[in-house]
């Protein structure tokens, strides 16, 4: 039994040696050399990338007004509903007048008393009883009271919200018998006089390529298979602090029966199209937003080295190289995942 166990142990050792020899080669000095892996490469080339910028935005009227009362108070009525079409001059909301009218009456009474006091002071001045300084003070009091009356009359006139232009009620943000503050939005009105726009948010590296007047193609799920033409009408000069993107307004040329809030897919034909250095996307290793790693081949020694490069746009399986590679350099596209920096490779025929 002992001899039988020794025989099995020797057979196992022999098999392990064969496996190790099969996976490794030895140099002249007897050291184990790493296996030479087969890879495919591609040269850094020059190409014209698709310069179209694509984004998603929301449809809204060009004229969008957030309407509110000049003063706070209790809402008496809002005789419109969301989606309703209104005409210019139509009343959209009204405050209960009791409190506002009371304020106006107080101002009128104060102005009347100040006027009577001033007239009495002038009479006394003529009789030599009052002084010129006293009359001047009464004049100031009267002018202040008249100004307060004018302010109260203005507030009464603006205790109702009236549509300045025809359009549609986009949002109704309050109801009757609610208390609202001065300046609080009650109704959002969209006017169709200046058409419809789509607002999209672009990153900084994209917005610098957009110019006023650039052509755009807009598509909506509501109209499958149909596209609308448009133009860039406005570009924000500062980023939105909440999103970090720059808002671009695309004016739609068509006059369709649009509805506010539709999701739009926008393709912008940005300017500044030029030749760019490109490599296949599959050559990238651990790419993030603007940086990626690649293996570069030295054709003379067949040794690869890993470097970091700056990348830009992607198009049709290629990625733009902004920095780190020169035209004609060869990068590994297939087999890079199994390589180490400084490895020797064999380039397979493609």
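Against the test of being in contact with a helix residue (DSSP H, G or I) (Cβ under 7 Å, 6 or more places away or on another chain) and at pLDDT 90 or above, the options 232, 248 yield a single qualifying residue, 248. In the set 127, 137, only one residue is out of contact with any helix residue (DSSP H, G or I) (no Cβ under 6 Å at 6 or more places or on another chain), more than 30 Å from residue 218 (Cα to Cα) and modelled with pLDDT under 90; that residue is 127.
Scan the stretch 280-310 for residues that are within 28 Å of the chain's Cα centre (by Cα) and within 14 Å of residue 47 (Cβ to Cβ) and the total you get is 1. Confirm whether residue 114 is touching a helix residue (DSSP H, G or I) at 6+ places or on another chain (Cβ under 6 Å), at pLDDT 85 or above and buried (at least 16 other Cβ atoms within 10 Å of the Cβ). The answer is yes for residue 114. When the criteria are applied in full, residue 130 fails the requirement of being in contact (Cβ under 8 Å) with a residue 24 or more places away in the chain and either surrounded by 13 or more Cβ atoms within 10 Å (Cβ to Cβ) or not in a helix (DSSP H, G or I) (or both). Given the residues 83, 57, 89, which is the only one that is in contact with a strand residue (DSSP E or B) (Cβ under 7 Å, 6 or more places away or on another chain), crowded, with 20+ Cβ neighbours inside 10 Å and more than 17 Å from residue 185 (Cβ to Cβ)? None of the other options fit; the residue is 57.
Might you let me know whether the stretch 185-199 holds any residue that is surrounded by fewer than 19 Cβ atoms within 10 Å (Cβ to Cβ), free of Cβ contacts under 8 Å to residues at least 40 places away in the same chain and either over 30 Å from residue 114 (Cβ atoms) or in contact with a strand residue (DSSP E or B) (Cβ under 8 Å, 6 or more places away or on another chain) (or both)? The answer is no; no qualifying residue exists. The one condition from (1) over 30 Å from residue 115 (Cα atoms); (2) over 30 Å from the mean Cα position of the chain (by Cα) that residue 227 does not meet is (2).
The values are calculated or read from the model by the stated rules, or taken from the named source; none is laboratory data. Small disclaimer: the values here were computed from a predicted structure and weren't measured. Ideal geometry is used to build each Cβ from the backbone, glycine not excepted, and the neighbour counts take in all protein chains shown.
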